[in-house]
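Participant: What follows is a single structure, and I will ask about it in a moment.
The values are calculated or read from the model by the stated rules, or taken from the named source; none is laboratory data. Please read all numbers here as calculations on a predicted model, not as lab measurements. Because the Cβ atoms are built from the backbone with ideal geometry, glycine has one as well, and the counts that use them run over all protein chains shown.
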Amino acid sequence: MDIQSKLHILSAAAKYDVSCSSSGSNRKNSSNGIGNSHASGICHSFTPDGRCISLLKILFTNFCIYDCVYCVNRSSQDVPRAAFTVDEVVDLTISFYKRNYIEGLFLSSAVFKSPDYTMEKILEVVRRLRTVHNFNGYIHIKAIPGASTEIIQKAGMYVDRMSVNIELPSDESLRLLAPQKNKDAILKPMAFIGSNIATNKSERSKFKNAPTFVPAGQSTQLIVGATADSDYKIMSLSESLYNRLQMKRVYYSAYVPVATSPLLPSIYSPPPLLREHRLYQADWLLRFYGFSANELFNSENPNLSLIYDPKTDWALRNLDKFPVEINTANLEKLIRIPGVGMRSAQRIIISRKVHNIDFGDLKKLGVVMKRAQYFITCKGKYYGNVAFKDTLIKYALTKGSDVMKFQEVQQQQLSFLGEL
Amino acid sequence: MLIYTYDKSFDGLMTCIYEAFYSKLQPEDILPKDKFIPNLISEEQYIFTDVLKSQKVKKAIQDKISRTAFHRIYTAHLSESSHHEMSVLHYLILGFKVGKNVDSHMHREFVMDLVKLENKVNLEAHRLLGFLRFSEVSNNLYYSTISPEYNVLQLIAPHFVKRFSNQNFIIHDRLRNLVCIYNCKEFKVLELDEQNSLYLENLRSNNFYEVLWEQYFKATTISERTNLKSQRGHMPQRYWNNMTEFKNFEEPE
């Protein structure tokens with residue numbers, strides 16, 4: 001099989017993995033080497049689905065011994081199969097990198113022969129890139145569940161990020177859709193990588209030249225909409241991953257129906273894109289805005305509102321904490337106001353040192369007044385265009401909400417699918 | 001109405017600032033020479049670029065206001081946007097009064113103007129770090145064309161020098177006819193004449209990896225999630241002309 005067909009098959013098979021980030025590492029170029037990484041990450045292109053291409057995202061092979069119901073590469077599926085050689089992956093990565101197509105490599109794989117055998121192949125690719133070609137670009141690899149910790153440890157010394165995908169957020173869902181996998185096989189390598197990252201960090205703080213281990217941290221992915229798991233369950237899992245395993249990032253992937261099974265949503269159901277969007281918004285609130293999952297959800301509201309974004313929804317349920325006075329509130333309070341982001345909150349704090357902020361200034365500072373106006377006072381005065389009452393505010397906020405925008409996009413997709 | 005005109009360069013603008021501070025009559029506007037249209041009520045005064053005066057102003061900004069402020073002005077100037085000059089003048093008048101606190105005055109229009117221009121220029125530069133495409137025109141010589149909205153060539157060049165330190169490359173800004181040339185030792189930003197520019201543009205050759213890249217771009221799209229608006233939001237179409245993957249791109253409808 002020629003390299004063109006292989007690239008076609010193995011990139012199409014890898015595309016459902018949503019992780020795209022190339023940030024968090026600042027590996028420098030060496031004197032005879034090629035490449036470096038950029039701390040904030042760089043997007044190199046955007047495909048017609050609006051997702052970014054940052055890394056060359058491919059599978060080493062899509063021959064698989066597992067038969068997970070939700071997966072496009074499951075062993076019972078009739079799809080063309082292919083496998084790269086180590087040299088082919090190395091050559092593609094270097095050649096694409098030199099033309100500035102990509103920021104680095106994201107190598108994943110179906111499980112071929114055995115977890116150890118697959119992991120060895122991945123290790124060989126990254127070892128050759130780093131030591132033979134002196135490649136200093138970004139590398140993200142998958143740790144294959146079930147592979148031995150020695151191989152994972154070795155590979156970790158070469159790469160910037162490693163990830164293990166949880167995919168299904170509960171034990172029941174796993175038993176239902178991926179009966180050959182179990183929770184422990186997934187969590188074990190995660191915990192191993194997490195503790196090694198922690199040890200490595202403390203080593204590097206003591207010894208300047210200590211080798212790095214997964215410096216950009218580990219990430220994982222959860223599928224949304226393939227099973228009945230609630231948003232509350234998903235976000236609680238994310239929260240404990242962030243707090244206990246020092247996870248850098250959890251990705252959420254709206255399930256795209258790739259298989260017919262009585263256990264799965266129908267093949268014609270569109271991916272739940274708005275729900276995915278809301279989960280990312282909630283994820284940001286957890287990581288950067290000081291929220292906890294228990295604040296965003298309770299047993300009566302186990303799912304995120306589709307009409308309001310999670311912060312607005314939280315604010316509407318906690319109107320007793322509002323309105324907030326812009327000129328005196330501290331940063332923690334400011335960033336909890338719907339329509340105020342981290343950047344505009346910082347601008348408010350900087351500029352109120354020299355000037356009392358009035359309502360007209362806020363728009364200039366980048367605050368989204370459409371939402372913020374109902375939750376703030378400036379110099380003691382409330383400026384919302386309806387009275388401070390939850391039913392009135394709710395009604396005013398419903399107009400022009402995201403639900404309408406997403407319906408438009410979905411229309412576009414349906415007509416696109418119809419023409420195929 | 002007094003109007004300063006200058007040669008578009010940063011040193012030119014700095015000289016204008018110097019003159020404005022040391023003359024009794026403040027200018028009502030500062031414009032590049034080629035943008036000035038003579039009329040009845042305005043009186044033009046051309047300011048000759050004086051490197052010594054410019055140096056004095058630059059040093060004063062860094063010492064008496066802050067390096068951040070200097071960087072902000074420089075970056076905003078690269079936007080080449082009309083009327084940024086007066087914002088710079090007002091910003092500096094305030095800056096020399098209140099020192100490094102000038103950036104707290106974000107409620108003032110001219111401060112926010114410069115902040116916004118700086119953000120725009122930095123965004124353009126950051127986007128090009130990703131969207132710029134090289135093609136290998138001969139052995140270990142890589143060539144790229146860009147048509148950026150703002151004059152960001154000198155902002156992005158150091159990034160590529162660090163990243164591709166063992167690669168000879170040329171980055172060609174087609175709109176301004178500027179090139180950045182790197183020969184594995186040092187880089188230079190030069191102006192280019194018409195003839196050389198045409199020669200460079202004809203250098204490009206099709207290549208095995210370019211076809212592979214186009215193919216990868218297609219294969220990695222999830223058609224069930226098509227969202228062209230989002231694609232264009234992240235990567236406006238004005239970049240597409242210079243990008244390998246869009247040479248034979250057909251839009252899904």
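Participant: Is it true that some residue in region A:89-99 is free of Cβ contacts under 8 Å to residues at least 60 places away in the same chain, crowded, with 18+ Cβ neighbours inside 10 Å and touching a Ser or Thr at 6+ places or on another chain (Cβ under 6 Å)?
Facilitator: No, the conditions are met nowhere in region A:89-99.
Participant: Among the candidates B:61, B:47, B:30, single out the residue that is within 23 Å of residue B:111 (Cα to Cα), in contact with a strand residue (DSSP E or B) (Cβ under 9 Å, 6 or more places away or on another chain) and either surrounded by 13 or more Cβ atoms within 10 Å (Cβ to Cβ) or of a type in the set (Val, Ile, Thr) (or both).
Facilitator: Among B:61, B:47, B:30, only B:30 is within 23 Å of residue B:111 (Cα to Cα), in contact with a strand residue (DSSP E or B) (Cβ under 9 Å, 6 or more places away or on another chain) and either surrounded by 13 or more Cβ atoms within 10 Å (Cβ to Cβ) or of a type in the set (Val, Ile, Thr) (or both).
Participant: Determine if region A:313-326 includes at least one residue that is of a type outside the set (Lys, Arg), in a loop (DSSP other than H, G, I, E, B) and within 18 Å of the chain's Cα centre (by Cα).
Facilitator: The answer is no; no qualifying residue exists.
Participant: Something else: Before we move on, is residue B:167 facing chain A (nearest Cβ under 7 Å), in contact with a Lys or Arg (Cβ under 7 Å, 6 or more places away or on another chain) and not hydrophobic (A, V, I, L, M, F, W, C)?
Facilitator: Against the criterion (facing chain A (nearest Cβ under 7 Å), in contact with a Lys or Arg (Cβ under 7 Å, 6 or more places away or on another chain) and not hydrophobic (A, V, I, L, M, F, W, C)), residue B:167 qualifies.
Participant: If you check every pair at least six apart or on different chains, which have Cβ atoms under 8 Å apart with a residue in region A:358-369 that is under 9 Å from residue A:344 (Cα atoms) first and a residue that is charged (D, E, K, R) second?
Facilitator: Note: pairs meeting the criteria are A:365/A:347; A:366/A:343; A:366/A:347.
Participant: Continuing with the same structure: Can residue A:208 be described as modelled with pLDDT under 85, surrounded by 13 or more Cβ atoms within 10 Å (Cβ to Cβ) and assigned to a loop (DSSP other than H, G, I, E, B)?
Facilitator: no
Participant: Note down all Cβ pairs under 8 Å where the first residue falls in region A:251-275 and is more than 10 Å from every other protein chain (Cβ to nearest Cβ) and among the aliphatic types (A, V, I, L, M), the second is crowded, with 19+ Cβ neighbours inside 10 Å and not in a loop (DSSP other than H, G, I, E, B), and they're at least six residues apart or on different chains.
Facilitator: A:263/A:177; A:264/A:177
Participant: If you check residue A:147 against the conditions, is it over 24 Å from residue A:104 (Cβ atoms), at pLDDT 85 or above and surrounded by 21 or more Cβ atoms within 10 Å (Cβ to Cβ)?
Facilitator: So residue A:147 fails the test.
Participant: Checking the conditions here, which among A:69, A:79 is more than 12 Å from chain B (Cβ to nearest Cβ), surrounded by 16 or more Cβ atoms within 10 Å (Cβ to Cβ) and either closer than 28 Å to residue A:228 by Cβ or modelled with pLDDT under 95 (or both)?
Facilitator: A:69
Participant: Let me ask another. For residues that are in a loop (DSSP other than H, G, I, E, B) and in contact (Cβ under 8 Å) with a residue 24 or more places away in the chain, tally how many sit in region A:49-79.
Facilitator: Within region A:49-79, residues that are in a loop (DSSP other than H, G, I, E, B) and in contact (Cβ under 8 Å) with a residue 24 or more places away in the chain number 18.
Participant: Hey, another quick one. In region A:55-90, which residues are of a type in the set (Val, Ile, Thr) and within 15 Å of residue A:144 (Cα to Cα)?
Facilitator: Once the filter is applied, which keeps residues that are of a type in the set (Val, Ile, Thr) and within 15 Å of residue A:144 (Cα to Cα), region A:55-90 yields A:58, A:61, A:65.
Participant: A further question follows. Identify the residue in region A:223-250 that is in contact with a helix residue (DSSP H, G or I) (Cβ under 6 Å, 6 or more places away or on another chain) and of a type in the set (A, V, I, L, M) and, among all such residues, is nearest to the other protein chains (Cβ to nearest Cβ).
Facilitator: A:224
Participant: List the strands (runs of 3 or more DSSP E) that sit entirely inside region B:1-55 and contain at least 1 residues that are among the β-branched types (Val, Ile, Thr). Break it down stepwise before answering.
Facilitator: Values: elements: B:2-6, B:29-32, B:43-46.
Hits in region B:1-55: B:2-6, B:29-32.
Participant: Identify the single condition in (1) closer than 15 Å to residue A:101 by Cβ; (2) within 10 Å of another protein chain (Cβ to nearest Cβ) that residue B:231 does not satisfy, given that it satisfies every other one.
Facilitator: Failed condition: (1).
Participant: Would you mention how many residues in region B:123-163 are in a loop (DSSP other than H, G, I, E, B) and more than 7 Å from chain A (Cβ to nearest Cβ)?
Facilitator: Residues in region B:123-163 being in a loop (DSSP other than H, G, I, E, B) and more than 7 Å from chain A (Cβ to nearest Cβ): 8 in total.
Participant: Something else now. Tally the residues that are aliphatic (A, V, I, L, M) and within 16 Å of residue B:14 (Cα to Cα), restricting the search to region B:28-42. Before you say what the answer is, go through the steps one by one.
Facilitator: Taking region B:28-42 as the starting set, the residues that turn out to be aliphatic (A, V, I, L, M) are B:30-31, B:37, B:40-41.
Add one more test, that the residue is within 16 Å of residue B:14 (Cα to Cα), and what stays is B:30-31.
Within region B:28-42, residues that are aliphatic (A, V, I, L, M) and within 16 Å of residue B:14 (Cα to Cα) number 2.
Participant: Are any residues in region A:282-295 part of a helix (DSSP H, G or I) and closer than 18 Å to residue A:247 by Cβ, and if so, which ones?
Facilitator: A:282, A:283, A:284, A:285, A:286, A:287, A:288, A:293
Participant: Something else now. Considering (1) more than 23 Å from the chain's Cα centre (by Cα); (2) aliphatic (A, V, I, L, M); (3) part of a helix (DSSP H, G or I), say which one residue A:274 fails and leave the rest.
Facilitator: Every condition holds for residue A:274 apart from (1).
Participant: Next up: Out of A:187, A:241, A:174, which single residue is surrounded by 21 or more Cβ atoms within 10 Å (Cβ to Cβ), out of contact with any Ser or Thr (no Cβ under 8 Å at 6 or more places or on another chain) and in a helix (DSSP H, G or I)?
Facilitator: From the options A:187, A:241, A:174, the qualifying one is A:174.
Participant: Does residue B:79 qualify as being within 25 Å of residue A:360 (Cα to Cα) and small (Gly, Ala, Ser)?
Facilitator: So residue B:79 fails the test.
Participant: Let me ask something additional. Condition (residue is within 30 Å of residue B:104 (Cβ to Cβ), surrounded by 21 or more Cβ atoms within 10 Å (Cβ to Cβ) and out of contact with any Leu (no Cβ under 9 Å at 6 or more places or on another chain)) applied to region A:348-364: is it met by at least one residue?
Facilitator: Yes, region A:348-364 has at least one match.
Participant: Provide a single number: the residues in region A:28-62 that are of a type in the set (Lys, Arg) and either at the interface with chain B (Cβ under 7 Å from one of its Cβ atoms) or over 26 Å from residue A:4 (Cβ atoms) (or both). Break it down into steps so the answer makes sense when it comes.
Facilitator: We begin by selecting, within region A:28-62, every residue of a type in the set (Lys, Arg); these are A:28, A:51, A:57.
Next cut, either at the interface with chain B (Cβ under 7 Å from one of its Cβ atoms) or over 26 Å from residue A:4 (Cβ atoms) (or both) only: A:28, A:57.
Of the residues in that region, 2 qualify.
Participant: Now for a different question. Tell me whether region B:188-203 contains one or more residues that are within 10 Å of chain A (Cβ to nearest Cβ), touching a residue at least 12 places away in the same chain (Cβ under 8 Å) and surrounded by 12 or more Cβ atoms within 10 Å (Cβ to Cβ).
Facilitator: no
Participant: Return yes or no: is residue A:113 more than 30 Å from residue A:40 (Cβ to Cβ) and surrounded by fewer than 24 Cβ atoms within 10 Å (Cβ to Cβ)?
Facilitator: yes
Participant: Can you go through B:56, B:35, B:116 and tell me which one is among the basic types (Lys, Arg) and within 14 Å of chain A (Cβ to nearest Cβ)?
Facilitator: B:116
Participant: Okay, moving on. Take the residues in region A:211-231 that are β-branched (Val, Ile, Thr) and part of a loop (DSSP other than H, G, I, E, B), then tell me which one is surrounded by the most Cβ atoms within 10 Å (Cβ to Cβ).
Facilitator: Filtering region A:211-231 for residues that are β-branched (Val, Ile, Thr) and part of a loop (DSSP other than H, G, I, E, B), the one surrounded by the most Cβ atoms within 10 Å (Cβ to Cβ) comes out as A:214.
Participant: Could you go through region B:204-222 and let me know if any residue there is at pLDDT below 90 and within 7 Å of chain A (Cβ to nearest Cβ).
Facilitator: Yes, because at least one residue in region B:204-222 is at pLDDT below 90 and within 7 Å of chain A (Cβ to nearest Cβ).
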